[in-house]
Amino acid sequence: MKLELATDVIGVASHALFGSWIAERYPTPESAKLQCAEATAAMVAAFPTLRRVRGHAMTGIDFRPHWWCITTEGEIIDPTAHQWSAPPVFYDAMPEDVEEPCGKCLDCGDLLYRSRGADSYICENCKPNVTAMASADTQTPTKETTS
């Protein structure tokens with residue numbers, strides 16, 4: 001993983017070609033919110049020299065899952081950076097062969113991965129407990145009759 005300082009980011013106003021494309025499609029923070037995967041895919045389709053990168057962006061004091069683009073010169077183009085009130089300070093790229101989590105376990109909060117058998121919202125470790133609790137909740141008490 002390479003941590004990149006966000007001073008290399010080309011913003012909407014910094015690069016005429018990329019900036020106008022971003023401004024046309026994501027003019028407001030609300031239009032950019034949670035659109036990083038879609039926006040970067042569309043941007044790479046429009047500008048084939050860009051490379052799409054997945055990782056985490058540091059905004060404020062939090063690292064958030066995020067997608068951005070990189071030019072052949074290594075400059076960061078982030079079409080949705082303006083979704084946050086404070087722009088990202090760092091970008092931390094993930095290796096391309098690392099699987100992206102498909103969710104979090106609703107019981108314990110662990111990340112879920114399809115390659116590890118995740119087929120629901122509960123991890124394998126929690127399934128027995130959650131299944132037992134669910135079946136206990138669905139059993140109706142039987143009424144005893146006395147004769």
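Taken together, the values in this text are just the output of simple stated rules run on the coordinates, not laboratory data. Note that this is a predicted model, so its numbers are computed, not measured. Cβ placement follows ideal geometry from the backbone for every residue including glycine, while neighbour counts extend to all protein chains displayed.
With a cut-off of 16 Å, note down the residues of the range 73-101 whose backbone N falls inside the zone around a label point 7 Å from the Cα of PHE47 toward its beta carbon.
73-82
Work out, in µm²/s and without decimals, the Stokes-Einstein translational diffusion coefficient of the range 44-124 at 4 °C, 1.567 mPa s, Rh from Kirkwood over C-alpha pairs.
D = 89 µm²/s.
In nm, what is the difference between 0.36 nm times the number of residues separating ARG64 and THR131 and their Cα-Cα distance?
So the chain would gain 20.9 nm between ARG64 and THR131.
Label LEU111 and GLU24 with points 7 Å out from Cα along Cα→Cβ: what is the distance between them in nm?
3.6 nm
What's the magnitude of the charge dipole for the range 57-107 around its Cα centre, counting Lys and Arg as +1 and Asp and Glu as -1 at the beta-carbon? Answer in Debye, nearest 20.
Roughly 280 debye, rounded to the nearest 20.
With +1 on the Cβ of every Lys and Arg and -1 on the Cβ of every Asp and Glu, and nothing else charged, how large is the dipole of the range 14-142 about its Cα centre, in debye rounded to the nearest 20?
Charge dipole, the range 14-142, about its Cα centre: 140 debye, nearest 20.
How much length is gained if the chain between SER31 and ASP119 is pulled fully straight, taking 0.36 nm per residue apart and subtracting their Cα-Cα distance, in nm to one decimal?
Taking SER31 through ASP119 to full extension adds about 28.6 nm, to one decimal.
Hey, can you rank 96-107, 57-68 by average C-beta count inside 10 Å, highest first?
In decreasing order of mean packing, 96-107, 57-68 become 57-68, 96-107.
Extending each Cα 7 Å along its Cβ direction at HIS15 and ASP92, get the distance between those two points in nm, one decimal.
Result for the modelled spin labels: 2.4 nm.
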